[in-house]
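Take a look at the structure set out below.
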Amino acid sequence: DIEFTIDHGRPYILQTRAAKRTARAAVRIAVDMVKEGVLDEEQALLRVDARSLEQLLQARLPAREDLAARGIEPAATGLPASPGAASGRIVFDADEAVRWAAEGQEVVLVRQETRADDIHGMRAAKGVVTAAGGMTSHAAVVARGLGKCCVVGCGGLRIDHRERTVRFDAMPPDSAPLREGDLLTLDGSTGRVYSGALDVVASTTVEELRELMRWADRVRRMRVYAEADTPQAARAALSYGAEGVGLCRTERMFFAHDRLFAMRCALLAVEDEQRRHWLAQLERAQRDDFVEMFEAMDGRPVTIRLLDRALEEFLPEDAEALQTIADALDLELDEVVRAAHRQRESNPAFGHRGVRSGLTVPGLYDMQIRAMFLAARDCTGRGQPVELEVLVPMISWASELASVCAVVERVHDEVFEERRPSFTHRVGAMVELPRACLIAGELAHLSELFSFGGNDLTQTVLGVSREDASRFLPSYLNELGLVEGDPFTCLDETVVELMRAALERARAVRPTLVAGLCGDQGGSPPSIEACERLGLDFVSAPLSQLPGARLAAAQARLR
């Protein structure tokens with residue numbers, strides 16, 4: 001911008017500053033300047049802020065007629081307060097939305113009405129739906145300002161906060177209500193609300209963006225993968241330009257009501273036979289999910305992380321739910337209560353989770369690995385190509401990785417006993433603890449793949465809990481000026497140095513090691529630039545950040 005004035009016929013330049021413009025304008029200007037010969041393609045790529053591309057993309061659902069043809073009808077209809085589409089797990093309060101989102105889950109905030117103190121939850125959620133309110137209600141206005149999908153005034157929605165359930169008037173009277181953690185899909189462009197997760201695709205009205213993305217894809221070196229935990233998310237990732245699934249968090253697959261009950265029974269079972277029974281149910285469900293994931297990716301890499309959630313987070317606390325589990329296991333209530341109490345931890349984030357639970361709960365990881373291989377066998381038997389990567393989380397000792405590798409090979413031989421498999425698979429190490437970085441050379445003897453877990457590595461390096469960081473980080477950033485950026489958004493320099501040390505030690509042992517970054521920082525342009533400097537092979541980003549990650553990877557390569 002050039003600000004000037006004219007006084008008695010003489011022009012005076014008052015000031016100049018960088019012009020403010022929308023992402024839409026930046027993309028169009030960059031592409032037009034190439035067409036006019038003012039810039040070349042590489043210069044144009046550097047003129048667009050990669051972080052701004054998320055503004056251009058709104059997810060959308062298929063047309064209602066197409067959904068109806070598949071037997072999918074809305075559970076309720078409200079007012080289309082903020083456009084786009086969102087699919088995620090139901091949460092009923094803002095604090096839970098923040099906590100679940102911090103763990104990488106996509107959530108939909110369901111409220112009677114929102115209030116000013118719900119803003120942090122609305123920011124964390126993928127979408128918001130309220131039973132009351134109009135087009136100028138708090139939820140509608142704030143959601144539009146945040147660019148979040150929102151449906152308000154959904155009169156057919158009945159929330160029970162005590163039971164943490166929601167019903168829709170259109171549901172059959174004898175059907176079970178939806179519970180916290182169940183999936184819900186919103187169409188903020190039409191006001192329709194659907195039970196379950198529906199496929200969404202990227203939608204943009206800026207034709208020039210496609211051309212800019214083609215230039216970026218030709219320039220960048222790093223591959224850009226998606227974080228996708230459901231088959232629906234995997235299919236959506238392709239429309240955003242993903243080259244594969246870089247992180248599938250399998251714990252998300254257990255939160256559907258029937259699966260959650262089976263998981264609880266498996267964890268609290270006293271006898272091995274009972275545990276095997278409930279794990280077999282989970283195996284069938286996971287196998288179906290993995291088949292859909294492999295089909296959606298059509299031969300592209302699918303990186304599946306073994307269960308990494310603290311086990312106590314699967315367990316209920318109320319007596320009624322525990323009694324239901326006791327009945328299913330044919331146990332006395334006090335036995336189940338004691339079993340659940342044994343799972344409680346003082347600090348579950350660094351307790352019985354990840355590979356620790358996989359090795360100490362009999363059959364848990366065996367079940368997941370078998371489901372992966374059976375799904376791969378189902379697909380390859382039909383001629384569907386599969387590239388599977390199995391990630392082992394929360395590794396502290398190389399012996400843990402060696403134990404899981406032995407399970408992988410044993411289960412692989414059991415599943416493919418009769419014929420030679422026609423797909424590739426490899427075991428990867430999640431490097432997300434300082435000790436794992438320091439023993440990277442030992443891990444590289446066992447693993448062909450490293451995936452740096454940015455969230456947990458940041459927590460353990462800084463000694464900062466991401467769930468509690470919001471209590472002081474805003475003050476550190478804004479009022480006190482003690483830090484330059486949010487370390488859970490952009491990689492801290494000390495984390496980068498640990499990653500560098502790990503890569504040097506690992507590639508000294510295995511020069512062909514494939515390594516990448518996953519977690520919230522995977523879509524951050526400054527973090528992507530750090531990954532380019534380190535020589536990582538890929539980054540894994542959330543869906544809405546994929547185009548920005550593709551552009552940022554190209555910019556990092558050019559710089």
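The values are calculated or read from the model by the stated rules, or taken from the named source; none is laboratory data. In this text the structure is predicted, and so the values were computed from the model without any measurement. Cβ sites come from the backbone with ideal geometry, for glycine too, and all protein chains shown count toward neighbours. The accessibility values were calculated without ligands, DNA or RNA, using every heavy atom of the protein model including side chains. Shrake-Rupley method; radii C 1.70, N 1.55, O 1.52, S 1.80 Å.
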How big is the gap, in Å, between the Cα center of segment 368-397 and the Cα center of segment 289-336?
18 Å
Hey, can you grab everything whose amide H is under 5 Å from the amide H of Val245? Only 5+ residues off in sequence or another chain; H modelled, so Pro and N-termini drop out.
Ala226, Val302, Thr303
Rg/Rh over Cα atoms for segment 97-191, Kirkwood Rh, comes to 0.95
Quick query: amide H of Ser82 versus all other amide H atoms, modeled in the peptide plane; which residues come in under 5 Å with a sequence gap of 5 or more or a different chain?
Cys150
Difference of contour (0.36 nm per residue) and Cα-Cα distance, Gln15 to Glu467
158.3 nm
Amide H neighbours of Val431 at under 5 Å, excluding residues fewer than 5 places away on the same chain, with H built from the backbone geometry, are Ser451, Phe452, Gly453
Identify, among Ala50, Val152, Ala124, the residue whose Cα sits farthest towards the positive end of the charge dipole of segment 31-160, taking +1 on the Cβ of Lys and Arg and -1 on the Cβ of Asp and Glu, with the dipole about the Cα centre.
Val152
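Accessible area of the chain with a 1.4 Å probe: how many percent of it is carbon plus sulfur? Each step should come with its number before you reach the end.
Details: 11850 of 24500 Å².
For the chain, the apolar C and S fraction of the accessible surface comes to 48 percent.
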Ranked by how many other beta carbons lie within 10 Å on average, peptides 399-411, 339-351, 188-200 from highest
188-200, 399-411, 339-351
Could you give me the ³J(HN,Hα) list for segment 409-414, computed from phi with Karplus coefficients 6.51, -1.76, 1.60 and θ = phi - 60°, whole Hz, x at Gly and Pro?
5, 5, 5, 4, 5, 5
Can you give the accessible area per residue of the chain, in Å², using a 1.4 Å probe?
44 Å²
How many angstrom lie between the C-alpha centres of segment 456-474 and segment 341-358?
19 Å
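Any chance you could list the semi-axes, whole Å, largest first, of the equivalent ellipsoid that the Cα gyration tensor gives for segment 329-371, using √(5λ)?
Working: eigenvalues 98, 62, 7 Å².
The equivalent ellipsoid of segment 329-371 has semi-axes of 22, 18, 6 Å.
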Vicinal HN-Hα couplings computed from phi for segment 154-171 (Karplus, 6.51 cos²θ - 1.76 cosθ + 1.60; Hz; Gly/Pro x):
7, x, x, 9, 10, 9, 10, 5, 5, 7, 6, 9, 9, 10, 10, 4, 6, 6
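Is there a quick way to get the dipole size of the chain? I mean about its Cα centre, with the Cβ of Lys and Arg at +1 and of Asp and Glu at -1; what is the value in debye to the nearest 20? Could the numbers behind the result be given before it?
Working: 67 positive and 86 negative charges, 306 e Å.
So the magnitude is around 1460 debye.
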Any lysines whose Cα falls less than 19 Å from that of Lys126, other than same-chain ones fewer than 8 residues away, would be Lys148
Could you work out the local net charge near Cys248, counting Lys and Arg as +1, Asp and Glu as -1, over the other residues with Cβ closer than 12 Å to its Cβ?
-4
Tell me, in nm to one decimal, what length is gained between Asp1 and Ser396 on full extension, where the rule is 0.36 nm per residue of separation less the Cα-Cα distance?
136.8 nm
About the Cα centre, and with charges only on the beta carbon of Lys, Arg (+1) and Asp, Glu (-1), how big is the dipole of segment 436-559? Nearest 20 debye, please.
440 debye
